[in-house]
1. In debye to the nearest 20, how big a dipole does the chain give about its Cα centre with +1 on each Lys and Arg Cβ and -1 on each Asp and Glu Cβ?
2. Could you work out [θ]222 nm for the chain from helices alone, using -39500 (n - 2.57) per DSSP H run of at least four and dividing by all its residues? Round to the nearest 500 deg cm²/dmol.
3. State the answer as a single residue: which of ALA516, PRO590, GLN638 lies farthest towards the positive end of the charge dipole of the range 441-645, with beta carbon charges of +1 for Lys and Arg and -1 for Asp and Glu, about the Cα centre.
4. To the nearest Å, what is the center-to-center distance of the range 173-223 and the range 624-649, using C-alpha atoms only?
5. Using θ = phi - 60° and the Karplus form 6.51 cos²θ - 1.76 cosθ + 1.60, what ³J(HN,Hα) does each residue of the range 573-586 get, whole Hz, x for Gly and Pro?
6. Taking loop as defined by DSSP and a crowding limit of 12 other beta carbons within 10 Å, which trypsin sites (Lys or Arg not before Pro) in the range 499-607 fit?
7. For the range 131-169 and the range 389-417, what is the separation of their C-alpha centers, rounded to whole Å?
8. Under a 5 Å amide H to amide H cut-off, with H placed in plane at 1.01 Å, what residues pair with SER534 once short-range neighbours are removed?
Amino acid sequence: MTDPESGALHRRRFLKGVVIAGGATIAAPAAVQAQTPDKPKANAAPPTAAAKASEREHPPEVERLTTEKTGSDFMVDVCKTLSIDYMASCPGSTFRALQESFINYGQNKSPEWLTCMHEEVSVGMAHGYAKVAGKPMAAIVHGTVGTQHAAMAIYNAYCDRVPIMVFTGNAGPLDERRPGVEWFHSVQDPAVTVRDFVKWDDYPMSLQHFAESTVRGYALACAQPAAPVFITAEAKLQEEPLEERELRKLSIPRLTRASQAVGDANALREAAKMLIAAEAPVIIVDRYARSQQAMDDLVKLAELLQTPVVDNRGRMNMPNTHYLCQSERGPALIAQADCILSLEPVDLYGQLNVMRDQLERTVSSKVKKGVKVISISTHDLLTHSNYQDFQRYAAADINMTADAQTTLPFLIEAIKREMTSGGSAFEARGQKMRGAFNGFADRARKEAALSWDATPISSARMYMELWEHLKKEDWALVSDSDFSSNWPYRLWPMEKHYRAIGGSGAYGVGYQPVAALGAALAHRDAGGGRVAVSITGDGEFNMAPHTLWTAAHHNIPYLTIIQNNRAYHQEVMHVQRMANRHNRGVRNVPIGTTIDNPNIDYAKIAQGYGAVGIGPINDPNDLSEAIRKGIAAVKSGQPALIDVVMQPR
């Protein structure tokens, strides 16, 4: 065995200040010697008045290197009073003190620190989580550069009206900034990059200010319409020592949640009269339901009036197995309607009108003249000027600025009070809806069978093969189906609120993999072994493949199926349309839109990040076994990916 004390330069002897090497004595560096200053001699002369004056003018440099409690500890105390379970981040120095306080002082619990590889993942993960958990998750981004990275995900969440707590760090006082990179990562106004698409922001100037702003921000994020808030944690406040006497002066406000706005009683009474009197009423729902109770209330309202519901699927609003869910007949029903009730419309104008995408764009009405329109929405409560997600203005006969989910029970009661007759007419309308509904499933299955054995694999075949395995499980779809011809809504029974999370908000490319990660985390925490599934386009996945590393690292199980059409196919269609419009043919359309030559092996990418990778699957007859393996991996607690080479839609 080697003698641990052998060797020419042993660490402990080096630190003592002397090493014997070849008979020579090597003195320790001055910096090491300075740690053990010589004691003054007992008979040394006292310092002269001149020496004392010189010391006062040029005092010896004293550095305080440690402390027991800092401002960042108090910031953690503030966050722990809120219902924040997770803090997602890509590491950055502007919040280094906060990170240390969360993981050590806060014991990495409530919130737990989650490691991401891009700020857009941190925020997008919080987006998906909030839509399932029904409460905000936090993300923290690194100064100027992290905020710019995160901006797309913040915008998606803003347009989707989802509550997120976004924090950043910043070195404000210039005399406190370290030379060099800290200047590049600091800014005078940290929120200016995202101010147009957050609900509220603040830059607290004291720890008490931080406490009040964070509690206020949480409450504002949750109040409908929900949206992200953005709070800056000043680096000086984070890192400075917090003395006991200062701590005693601080307090953390108690969180109080605002009650959601309810429609005016007079407006509800008038709306009830309109709906009862209508011969062909239609309910259109978009970003309406946030809970199972909201779905149940919508069913009650529809059954009370025997009125068809057209679900635009901004959320999981209406069970697609209910005979009054008539989304597939939406255009015809809206065209015939004499009264329309729109609940949380994202685009009321677009519900009532259509614009032709041609050289000279023209608008025509979807509805007949004289139709009565009732809108219940919080849309007008959050409207900014620059980023115009508010859509074109549309007039309604009754426009209730209120939370539709909170208001619906009151509307139901108003209808019951006003309803004196009409039961037979309502029942006849209901029978008509039953007859129309009975053909939906059969037509969808016949359409799905048209390309059953096609290669590349059809999206309908993939969804049906997936359903054969999912129907045995408690499952949740954590992806938008707009780019899959809405096959899951047409082929699968979707009867519970958590079955789907709706749309993305701004349709920013890259939302899908990151939101799925957060949604899967919330489903994991719900317990019961729920199988979360994301159908993600290859273009979307390439924006953030490293979400799989975060999933593997933090034990977040879910199944990702890559809808691998080897293109940004939405853009393929746009360029095709322009080429046809310009009479130039479609031969060159693949330039700048396709993802091939070489083809990407997504299964290998997944394996490299620590997830289970399966594929690529080219033969539709291999789908079932691949899906079986993928679901088995998820049920064992692992993230899994299946690469399926598919047709465009």
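1. Working: 68 positive and 71 negative charges, 178 e Å.
Taking the Cα centre of the chain as origin, the dipole is about 860 debye.
2. Working: 26 runs with 252 residues, N = 649.
That comes out to -11500 deg cm²/dmol.
3. PRO590
4. Each part reduced to its Cα centre gives a spacing of 42 Å.
5. 5, 5, 5, 4, 4, 5, 5, 5, 5, 8, 6, 10, x, 10
6. Numbers: sites: ARG499, ARG524, ARG530, ARG566, ARG577, ARG581, ARG584, ARG587, LYS604; in loops: ARG530, ARG566, ARG584, ARG587.
Filter output for the range 499-607: ARG584, ARG587.
7. 29 Å
8. The answer is VAL478, LEU559, THR560, ILE561.
Read-outs: derived from the displayed coordinates by stated rules, not from any lab. Worth saying up front: this structure is predicted, and the values here are computed from it rather than measured. Don't worry about glycine lacking a Cβ; one is built from the backbone with ideal geometry, like all the others, and counts go over all protein chains shown.
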